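The values are calculated or read from the model by the stated rules, or taken from the named source; none is laboratory data. These numbers come from a predicted model, not from an experiment. Cβ: placed from backbone, ideal geometry, glycine included. Neighbour counts: every protein chain shown.
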Amino acid sequence: MPLPSTGPRAHHVKRVQMPQEDGWTMVTHTSGRRSGLNQSKDFSHPQRIADFAEEVDQLRNRGLPRAEFDAEHKRLRKEWGYYVPTETKEGLTVTKLVEEYNQMKKRWDETHFAVELRLMILDKAPWNVGEAIAFGTGSFCIDSENRFRSLWQLVLFMHVIKYLSRDGSTIALYAQEPLFHELDEQFLRELNVSVLHGDAASYIKPTSFVYSPFMDWSILLPKILKDKDPMLYVGNRVYPDVKPFANADVMKKLNKKPPSTSIEDCNDIARKFRKHREGIKFPKFELHGTALEGIEMYRKSRPED
């Protein structure tokens, strides 16, 4: 997500807001140039993403040989309407992925974004984080332009870890993404990140750093943040006062099933999460226009604060 520059050549990207039946707004991006990708996971309804993820977990639990699993995984993607490529980028290996990642880290360290973020994190020390879980980064190896966006999001995750653990503490690292390929998992193991299947939210503790870049609200709130009190959260802004809005035409196109969590319940989850937290907006990331745009940081308030 060859040696990387900043990903695909810069082009106009338009943010599109699609009101959802349960009140949350799904933010997608449209490209100013034609692309053979048609749609990515950002264009699927959040409940469909959650249902798809459950089917993938059931598939993993069957213990199929890798070739058979890949074939079934590809069939599921087609069945659920994931019109993104399922094959990895030709010639990409774990070694090459690590090289891409390391080069992107070097470029990252020279950015204004990295300097500002380092000051933001160090200014709030000490952290006492014991585990970090990344949700929904996307695949780093699937042959699509989105993989560079995913790699930048991974660089941010690991950059935060670097400063959370600068006192010498050891932080257990985890990630969950239903679109991960075997190559993604091998690559993450090289970074000492364990891939989780099943209920990854159960790993969240009061000492956790939760990272969820651009996760849809109808998944983030009821499935990840509900009844959780992590030390640090980095991801979408958590809105506590979204109003219901129904767009019949949009919902019909998305083939949406009834929401599993009401808008009132989602608002309540958001209010509880924000009660002792204040969002800090991240600066603009100059190397990739949409990779990190709109991400914020939330930390539990301490008595001295």
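Points worth noting:
- Every residue from region 199-213 that is within 23 Å of Leu151 (Cα to Cα) and of a type in the set (Gly, Ala, Ser): Ala200, Ala201, Ser208, Ser212
- Residue within region 225-238 that is modelled with pLDDT of 85 or more, in contact with a Lys or Arg (Cβ under 8 Å, 6 or more places away or on another chain) and of a type in the set (Val, Ile, Thr) present: yes
- Subset of region 119-177 that is of a type in the set (D, E, K, R) and assigned to a helix (DSSP H, G or I) - its residue that is farthest from Met297 (Cα to Cα): Arg147
- No other residue among Ile142, Ile171, Ile133 is hydrophobic (A, V, I, L, M, F, W, C) and within 19 Å of Leu292 (Cα to Cα) apart from Ile133.
- Restricted to region 130-154, and to residues there that are surrounded by fewer than 22 Cβ atoms within 10 Å (Cβ to Cβ) and closer than 18 Å to Leu191 by Cα, the residue that is nearest to the chain's Cα centre (by Cα) is Phe148.
- Residues within region 192-231 that are under 12 Å from Ala270 (Cα atoms), small (Gly, Ala, Ser) and part of a loop (DSSP other than H, G, I, E, B), tallied: 0
- Residues satisfying the criterion are absent from region 252-265 (criterion: at pLDDT below 85, assigned to a loop (DSSP other than H, G, I, E, B) and closer than 23 Å to Leu151 by Cα).
- Matching residues, region 104-121, being loosely packed, with under 15 Cβ neighbours inside 10 Å, within 14 Å of Met158 (Cα to Cα) and modelled with pLDDT under 90: Asp109
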